[in-house]
Amino acid sequence: MEVICLQKFIYGTLLLTIASFITRFISFFYKVYIIRLIGPEGIGLYEMVFPIYSLILVMTTAGIPVAVSKLVSESYAQRNTNNVRRIFYVSISFLICSGLISTVTIIWLAPYVATVIFSDTRVYWPFLATIPAIFIVAVGSVFRGYFQGIQNMLPNSLGQIFETIVRFGAGVYLASKLLSYGLEFAAAGLALAMVAGELAGLLVLLVFFRFSKEITEQSLGISYSITKTLKELAILALPITLTRVVISFSSTLQAVLIPKRLELAGYSVKEATKIYGQFSGMALSLIHLPTIITVSLAISLVPAIAEAVACQNFTLIKKRTNQAFRITILTAIPVGVVFLNFSGEIMEIFYNSPEAGVLLQVLAIGCPFIYLQQTTGGILQGLGRVDIIFKNALISTLIDTGLIYLLTPYFGIYGSILAVMAGAVYYSLTNLKWLFKLSRLKNDWQRNILKPVGAGVLMGLASKVLAAFFFDTINWYSLIIIVGFGALIYILSLCLLGVISLKGLFPSIKIGFMRR
């Protein structure tokens, strides 16, 4: 049984990772093209919208999707499909209502939001264009939570891919057509493309749900009443909502506060918008690119850990926690090394903005902490300890917001970066402390931290030597060769140091093949 559970967890994570890789690959080149089309100032207008849009979305969904994923996973593990159905239908009814209310309210408040909250009033049109997505995402989130709960990641994966393809096509067309009317209208075209993409993703989920057999299986238990279902959802959803409100509020404060504090540092409104675009739209986008792995892990971990808790399988909880921690660290180190060594070249190749390379280089130091936020949060949600996540997120927000306010007028955007990294360090380390305490997992610091860092140092040195002796300039092709060579050195170093092996990486898959 444990082997089957591990296989299901690994397969689900792998499927989400592949889908995330495809979508991030398309999205990355989409963003590169768009930035070259509308410039850092245009992308700055577009990026300013999303923190407050995310905050509205969090308030609308009220933590229901994660609660659905956890509760469906527990009921499905006990083969109580009556309860699975009740959880799904109560949740979607709630989110249809909240989605409609939020959409109407935000349309009414849009002029106030654009003129009072943001420093650049051109944000009005991009913000207005995002509003229809609120209802679509709210409804789709219940379907995503349901499929995550039964650990069927195929619908969500295909939905992501279709969403990205539609967004790409619509975004390129609309931004190109609307650019002649001004940067704000080009940014609004990108927002409309996002709405079209979300609608395409929802249609894919609806098709899969129509033919889903899991929800019609014979039940081994009785379903809760509507009142009890709402109570169970509320117990989980309330702290999740508070946590996500804090995180979204933090992002919103950054989008509002950083440009304003940059103005105090001596920059004009347009210069501040451009710098924020380089920070959020370029450097942070690259830093978040490898989260195709960590986000997939976090999504898979919530139902996987919840299932193990429901079955009282503490050995499985430890194994999944250890796997997630190791994969996160082994991903973060080489990514950080590449960004540290070749930040200017990467920014020039992708965005034609080599001056923004320093921003990427400073952010690269925080890669392990940025990625650990996601996986540790997923595990704690699966364990049902969302109260811990909320407390840590709240303190982390106070840290980064306070430091942005204090440091940015004196150190410019670098003060903002240091503030964001300080918040990420606190959040990830406190999550880890509680995680090791709750799971009773004893971390092998030498194998999981020191040796991977050593392998990363060897990778960095080898990459630098190759670049210095064999390439006069670094372009697309040479960068791929250098990164590929560095990755090979990193993997070989990990094998020689005894950190990884084929048998150690894929034990459950091997057993599954042998049994077949």
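The values are calculated or read from the model by the stated rules, or taken from the named source; none is laboratory data. Values in this document were obtained by computation on a predicted structure and should not be read as measured data. A quick note on method: Cβ atoms are made from the backbone with ideal geometry, for glycine too, and the neighbour counts reach across all protein chains shown. Accessible surface areas use protein heavy atoms only, side chains included; no ligands, DNA or RNA. Shrake-Rupley method; radii C 1.70, N 1.55, O 1.52, S 1.80 Å.
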- prompt: Quick check: is even one residue across the stretch 417-436 among the polar types (S, T, N, Q), free of Cβ contacts under 8 Å to residues at least 24 places away in the same chain and surrounded by 15 or more Cβ atoms within 10 Å (Cβ to Cβ)?
  reply: no
Across the stretch 167-183, the tally of residues that are surrounded by 20 or more Cβ atoms within 10 Å (Cβ to Cβ) and touching a Leu at 6+ places or on another chain (Cβ under 8 Å) stands at 4
* To do: Confirm whether VAL142 is within 30 Å of TYR76 (Cα to Cα), touching a residue at least 12 places away in the same chain (Cβ under 8 Å) and of a type in the set (Val, Ile, Thr).
  => yes
Checked the stretch 252-276 for anything among the basic types (Lys, Arg) and either closer than 21 Å to GLY357 by Cα or open to solvent by less than 50 Å² (accessible area, probe 1.4 Å) (or both); matches are ARG261, LYS270, LYS274
Residue hits (the stretch 361-371; in a helix (DSSP H, G or I), touching a residue at least 40 places away in the same chain (Cβ under 8 Å) and open to solvent by 10 Å² or more (accessible area, probe 1.4 Å)) are VAL362, PRO368, PHE369, ILE370
**Qualifying residue in the stretch 270-277 (condition: among the charged types (D, E, K, R), part of a helix (DSSP H, G or I), closer than 23 Å to SER396 by Cα and over 24 Å from the mean Cα position of the chain (by Cα))** = no
When the stretch 355-390 is checked residue by residue, the ones that are closer than 24 Å to TRP434 by Cβ and among the polar types (S, T, N, Q) are GLN373, GLN374, THR375, THR376, GLN381
The condition of being part of a helix (DSSP H, G or I), open to solvent by 10 Å² or more (accessible area, probe 1.4 Å), touching a Leu at 6+ places or on another chain (Cβ under 8 Å) and not aromatic (Phe, Trp, Tyr) holds, among ARG36, ARG122, only for ARG122
The residue from SER300, SER343, SER353, SER296 that alone is open to solvent by less than 20 Å² (accessible area, probe 1.4 Å), at pLDDT 85 or above and not hydrophobic (A, V, I, L, M, F, W, C) is SER343
Given (1) at pLDDT 90 or above; (2) more than 30 Å from LEU264 (Cβ to Cβ); (3) open to solvent by 40 Å² or more (accessible area, probe 1.4 Å), ARG440 misses just (1)
